[in-house]
Amino acid sequence: MAETANQGAVCEVASVKSCSMSKLYEKIISNSKRRMSKFRNCESGSFTVEAMIWIPMFFFLMIFALNVSMVFVQESLILRVVQTVSREHSLGLYRDDAEAELDLSNQLSHLGANVTVDVSKSFKMATASVQVPAVDLMPMQFLRNTFSGVEIDVTSNHLVEF
């Protein structure tokens, strides 16, 4: 008789467990459905998605602008050196074209080996010119292949005064 009572208690406990487990599953499913609908309707993370799209494009644009602006800055510095050498050559401060060309290439030696320098003086005009690849003027290695064929040409002419 004691065994029958124990078996009945075990069955009752098993049915309570199965009953509570099914209610637990129903509760989990209803909570999941409620949370999923809240998640679908919630807009709190929408800025994060937009930021992940726009921030890389913003940095891409800023680095590109920095590279291009540094090319223009370097070009203006080269122009100043070329104008100075051309003016000095027109005033007769150099013995010949080779000395002026050597001075110009020494002043622009920081630009690298790809710089082409030419200085000449005709009867009435002293001319100095420099050609340098644009990629040599860029501080970052970003989009260098795009500008690989671009050559910066800076020329200055002065009337011979002596």
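No value in this document is a laboratory result; all are computed from the given coordinates. Since this is a predicted model, take the numbers as computed values, not measurements. Positions of Cβ are backbone-derived with ideal geometry, glycine not excepted, and every protein chain shown enters the neighbour counts.
Quick notes on this one:
- From V73, V85, V81, V49, residue being under 31 Å from the mean Cα position of the chain (by Cα) and surrounded by 15 or more Cβ atoms within 10 Å (Cβ to Cβ): V81
- The single condition among (1) of a type in the set (S, T, Y); (2) in contact (Cβ under 8 Å) with a residue 40 or more places away in the chain; (3) not in a helix (DSSP H, G or I) that S120 does not meet is (2).
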